[in-house]
Amino acid sequence: MKIYLIGFMGAGKSTVGHLLGKALNATFIDLDQLIEQKCNKKISEIFKDDGEMTFRKIEADYLKTSNGEIIATGGGVLYFEETGQWIQQEGMVIYLQAPFEELYARIQGDHTRPVAARPYEELKDLYHKRDQAYRNISHIQVSVSRRSPEDTVTDILSSLKVNGGK
Ligand code: S3P
């Protein structure tokens with residue numbers, strides 16, 4: 001069973017994915033990191049030099065060819081509707097959910113995330129649109145609001161037991 005972690009920027013997908021990989025003794029892949037390695041460029045440089053659409057296509061391609069068991073995706077992974085349908089069929093999709101204000105406080109001024117540089121209102125709007133999409137696509141939703149990554153892993157593990165895996 002593959003596990004895809006989805007959620008807005010700052011939800012802790014990478015940290016949680018890494019810990020979850022250890023807990024399940026499963027291979028972990030951070031999609032953003034994989035893209036940076038393969039392209040030999042920072043994500044911010046890809047956005048700047050090649051544009052967002054190029055990044056989104058690369059992101060969707062590497063998602064489909066990555067062979068980790070646990071995959072931390074980027075916040076915009078559902079950019080193409082068919083990607084959502086694809087991950088939903090491919091494995092267990094877990095949405096790490098938190099209120100916008102909490103996530104905004106974490107990502108504000110983070111220059112490694114080009115999307116985080118957008119104006120507050122625009123980001124809030126994006127959050128609400130994506131929140132709906134993440135909910136629609138995910139099999140499991142876990143609140144990461146004021147939870148440590150370790151607590152979140154515990155929550156995921158008990159949720160997986162209830163859901164019986166896939
Ligand atoms: C993005 C989120 C980033 C990264 C890229 C675009 C987005 O990943 O993929 O900067 O559109 O939300 P994180 O969610 O890990 O920050």
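The values are calculated or read from the model by the stated rules, or taken from the named source; none is laboratory data. Everything numeric here is computed off the predicted structure, so don't read it as measured data. FYI the Cβ positions are ideal-geometry reconstructions off the backbone, even for glycines, and counts take in every protein chain you see.
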Report task. Answer yes or no: is there a residue in segment 119-138 that is over 20 Å from Gly12 (Cβ atoms) and in contact (Cβ under 8 Å) with a residue 24 or more places away in the chain. Result -> yes
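The rows are residues; the columns are (1) more than 16 Å from the ligand (Cβ to nearest atom); (2) over 14 Å from the mean Cα position of the chain (by Cα); (3) free of Cβ contacts under 8 Å to residues at least 40 places away in the same chain; (4) buried (at least 18 other Cβ atoms within 10 Å of the Cβ).
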residue: Gln97; (1), (2), (3), (4): no, no, no, yes
residue: Leu103; (1), (2), (3), (4): no, no, no, yes
residue: His111; (1), (2), (3), (4): no, yes, no, no
residue: Ala116; (1), (2), (3), (4): no, yes, no, yes
residue: Val153; (1), (2), (3), (4): yes, yes, no, yes
residue: Ser158; (1), (2), (3), (4): yes, yes, yes, no
Report summary line: Residue set Val77, Val93; condition within 14 Å of the ligand (Cβ to nearest atom) and not hydroxyl-bearing (Ser, Thr, Tyr); output residue Val77
Query raised in the report: Within segment 93-111, which residues are at pLDDT 95 or above and of a type in the set (Asp, Glu)?
Result: Glu101, Glu102
Query - Hey, Ile6 touching a residue at least 12 places away in the same chain (Cβ under 8 Å) and more than 14 Å from the chain's Cα centre (by Cα) or not - result: no
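Residues are listed down the side, and each one gets a yes or a no for (1) among the polar types (S, T, N, Q); (2) more than 10 Å from the ligand (Cβ to nearest atom); (3) surrounded by 21 or more Cβ atoms within 10 Å (Cβ to Cβ); (4) under 28 Å from Arg146 (Cβ atoms):
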{"site": "Phe8", "(1), (2), (3), (4)": "no, no, yes, yes"}
{"site": "Ile46", "(1), (2), (3), (4)": "no, no, no, no"}
{"site": "Arg56", "(1), (2), (3), (4)": "no, no, no, no"}
{"site": "Lys64", "(1), (2), (3), (4)": "no, yes, no, no"}
Query raised in the report: How about segment 109-152: which of its residues are within 17 Å of Pro99 (Cα to Cα) and of a type in the set (Asp, Glu)?
Result: Glu121, Glu122, Asp125, Asp131
Report summary line: Within segment 140-150, the count of residues that are surrounded by fewer than 14 Cβ atoms within 10 Å (Cβ to Cβ) and closer than 15 Å to Ala23 by Cβ comes to 2
